[in-house]
Amino acid sequence: MGRGKIEIKRIENSSNRQVTYSKRKNGILKKAKEITVLCDAQVSLIIFGSSGKMHEYISPSTTLIDVLARYHKASGKRLWDAKHENLSNEIDRVKKENDSMQIELRHLKGEDINSLNYKELMALEEALDNGLNGVLNNIDSCNFYDAGQGKILEDENRELNFLLQQHMALEGARNMHGQWI
């Protein structure tokens, strides 16, 4: 006895809908695996359920990127717009720049310098000299600031001592002669 045909429309009962989804999802994943093995086909299958959960199958002999590239080439449909291409190029550029900076940092730390030629070593020495001079200048400016601050404090101290001495002299005169002020 065969199965009867069902009308293809949304199943209203949520628990029946979930059971049907689960069974059919497993069935289509099984069919994708079978066609890959039986026919040596490259298959990529992505299913998003109503809950947002993703299920996927990709033939072992390929990758999703390869399948999408073949799809793009065969259909002529663009999956990535120019904005995404530019972002991808920018990411590649930043990665290369980061790698270059990591190498330069290792050289500045004195690591991996055996592979450098004479000109590169001279440029490295100049960069280190410039860095050292910058640090020494910062130290000198900090010392100058401290010395300048110390001079200001010394001047204020002298002024306050002078005012204190005047005040004490005035108090002493007041004590000697009574309250004349």
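The values are calculated or read from the model by the stated rules, or taken from the named source; none is laboratory data. These numbers were taken from a predicted model, which means no experiment stands behind them. Neighbour counts are summed over all protein chains in view; Cβ atoms, including those assigned to glycine, are modelled from backbone coordinates with ideal geometry. For the accessible areas, the whole protein counts, side chains as well, though only heavy atoms, and no ligand, DNA or RNA atoms are used. Shrake-Rupley method; radii C 1.70, N 1.55, O 1.52, S 1.80 Å.
Summary table
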quantity: Of all residues making up the stretch 9-19, the number that are within 43 Å of the chain's Cα centre (by Cα) and open to solvent by less than 80 Å² (accessible area, probe 1.4 Å); calculated: 3
quantity: Residue count for the stretch 61-78, restricted to those that are under 25 Å from Lys25 (Cα atoms) and surrounded by fewer than 11 Cβ atoms within 10 Å (Cβ to Cβ); calculated: 1
quantity: Only one of Asp112, Asp99 that is in contact with a helix residue (DSSP H, G or I) (Cβ under 6 Å, 6 or more places away or on another chain) and surrounded by fewer than 12 Cβ atoms within 10 Å (Cβ to Cβ); calculated: Asp112
quantity: Residue in the stretch 36-43 that is among the hydrophobic types (A, V, I, L, M, F, W, C), open to solvent by less than 50 Å² (accessible area, probe 1.4 Å) and within 29 Å of Leu68 (Cβ to Cβ) present; calculated: yes
quantity: Residue check, Ser50 assigned to a loop (DSSP other than H, G, I, E, B), in contact (Cβ under 8 Å) with a residue 12 or more places away in the chain and open to solvent by 100 Å² or more (accessible area, probe 1.4 Å); calculated: yes
quantity: Answer from Tyr71, Tyr21 - the residue that is touching a residue at least 24 places away in the same chain (Cβ under 8 Å), aromatic (Phe, Trp, Tyr) and in a helix (DSSP H, G or I); calculated: Tyr21
